[in-house]
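Down below is the structure, laid out as structure tokens.
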Amino acid sequence: MVWESSEIAGRANDWDGEELRRRFDQRLAERGTVWASGVWRYKELIAPELPMESLVTRGEGNTGLYSLEAATRYAGIRGVAMKAQSENPSGSFKDNGMAAAVSHGLSLGKRIFACSSTGNTSASLAMYAAWCGGSALVFAPARNVAAAKLLQTAAFGGKLIRFDGTYDDGIVFLERHAEELGLYVCNSVNPYRIEGQKSIVFEIAQNLGWQMPDWIVVPGGALSNVSALGKGLEELLAFGLIDRLPRIALVQAEGASPFHRMVERGDERLVPEPKPYTRASALNIGNPPSWPKALRALRATKGLTVAVSDGEIMDAKRIIDLSGLGCEPASAATLAGLRKLAAEQRIDKDETAVCILTGHMLKDTEALAELYSAPSHGEKQAVQAEPLTLNRVRTYLT
Ligand SMILES: Cc1ncc(COP(=O)(O)O)c(C=O)c1O
Ligand SMILES: N[C@@H](CCOP(=O)(O)O)C(=O)O
């Protein structure tokens, strides 16, 4: 069973917030056990019904929360911190939700897990499937995906089926055929993905001594993450673990922004984008399945949406990369969006924000090549085999 927020809130009396806080703090020290997982530490709020023996963990979560001076200056607000989900074992935020979905599948006796993916969901799924001795079947678009993510998926033993179409087409296929094929679907249409991903805001709250920033900024594609973070925040408040809700800012890429357009127009229904395209390939999604949940999250937190161009995304990525943290393009949409929202005075200069850095910089090596392989310091070719001389080195110090 998966609880809806209202049911969770209704059960708030079953657990005392103080007692939960004490347990969660105590479990931080339990290294080497399942409680050390940044997901299962919060089991009571994620999947209380799952038997302990079906819980899978690769030590997901426990990711860093970093204040970034350069990002703060770039956004032009009081303070910006980055929650580095890139530090997860497969290198993206997907691990938080995938640990929960695969554990639920195992509890039902499932062994063949499947997903449609632009590459991060599949890498995460393949990793957990391998870890628990199951197998992963992955549908991935033939174009506009980052090669490293699919190689990572294959390296974990995932079986890849590349197809002509987008993530959205893969989801439609799974909806039609998963049952007859005996596949356990681990996309974020699976509610356990959302339950697991809530732990990202649980960790932020715990990290900050149960005080929240003014804003949580998240990139949006399929809209699973914004839905999960909104649900998690509502639950933290219902259990008395935090005393006020931060607002959510959802950032989409202009070429794949059907949800932002819907919110901007005040529509009640999402009109899918048939040919989504953005350089931030993880966000190439035109028909996000979780849009009703995302709308709820936005309303509950008095949130807002914004769309940014690929140029703005890549510019913000440089700031994050050169700060020493690094991320893939989709994650940099957060900082690009924050800067735009501050410039438009929709976010106050005196406010603070935590951006969810969803994926590791090595996930998209094509983006790294685009941004950084250009010759620097007047050298014709950075990789040319020139002799190493003092004069040459000095040009790099100017
Ligand atoms: C790195 C990265 N960032 C952001 C997103 C978007 O998250 P969501 O699809 O949950 O909206 C994805 C893909 O889902 C992703 O892989
Ligand atoms: N970027 C995602 C696409 C969304 O997938 P889902 O896990 O929310 O279904 C990916 O990495 O595939």
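Quick look at the values:
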{"quantity": "Residue selected from the range 296-310 under the condition surrounded by fewer than 21 Cβ atoms within 10 Å (Cβ to Cβ) and over 17 Å from residue 197 (Cα atoms), by the criterion farthest from ligand 1 (Cβ to nearest atom)", "calculated": "302"}
{"quantity": "Residues being over 23 Å from residue 342 (Cβ atoms), touching a helix residue (DSSP H, G or I) at 6+ places or on another chain (Cβ under 8 Å) and not in a loop (DSSP other than H, G, I, E, B) - total across the range 259-299", "calculated": "7"}
{"quantity": "Of all residues in the range 29-52 being without any contact (Cβ under 8 Å) to a residue 24 or more places away in the chain and within 22 Å of residue 209 (Cβ to Cβ), the one that is surrounded by the most Cβ atoms within 10 Å (Cβ to Cβ)", "calculated": "43"}
{"quantity": "Total residues in the range 179-206, condition more than 13 Å from ligand 1 (Cβ to nearest atom) and either small (Gly, Ala, Ser) or not in a helix (DSSP H, G or I) (or both)", "calculated": "6"}
{"quantity": "Single unsatisfied condition, residue 162 versus (1) part of a helix (DSSP H, G or I); (2) away from ligand 1 (no atom under 15 Å from the Cβ)", "calculated": "(1)"}
{"quantity": "Test for residue 346: is it more than 21 Å from the chain's Cα centre (by Cα), modelled with pLDDT of 95 or more and either surrounded by fewer than 12 Cβ atoms within 10 Å (Cβ to Cβ) or charged (D, E, K, R) (or both)", "calculated": "yes"}
{"quantity": "Members of the range 185-241 found to be of a type in the set (Lys, Arg) and within 12 Å of ligand 2 (Cβ to nearest atom), listed by number", "calculated": "193"}
{"quantity": "Scope the range 53-74; condition closer than 15 Å to residue 102 by Cβ and either more than 19 Å from the chain's Cα centre (by Cα) or without any contact (Cβ under 8 Å) to a residue 40 or more places away in the chain (or both); matching residues", "calculated": "53, 54, 55, 56, 59, 60"}
{"quantity": "Subset of the range 221-242 that is more than 16 Å from ligand 1 (Cβ to nearest atom) and in contact (Cβ under 8 Å) with a residue 24 or more places away in the chain - its residue that is nearest to residue 300 (Cα to Cα)", "calculated": "234"}
{"quantity": "The range 70-102, residues that are crowded, with 24+ Cβ neighbours inside 10 Å and away from ligand 1 (no atom under 16 Å from the Cβ)", "calculated": "71, 75, 80, 102"}
{"quantity": "Subset of the range 106-131 (residues that are more than 11 Å from ligand 2 (Cβ to nearest atom) and in contact with a Lys or Arg (Cβ under 8 Å, 6 or more places away or on another chain))", "calculated": "127, 128, 131"}
{"quantity": "Selection count, the range 186-207, where residues are under 15 Å from residue 122 (Cα atoms) and either surrounded by 21 or more Cβ atoms within 10 Å (Cβ to Cβ) or at pLDDT below 95 (or both)", "calculated": "5"}
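The values are calculated or read from the model by the stated rules, or taken from the named source; none is laboratory data. Nothing here was measured: the structure is a model prediction, and the numbers come from that model. Using ideal geometry, Cβ is built from the backbone for each residue, glycine included, and neighbour counts are taken over all protein chains shown.
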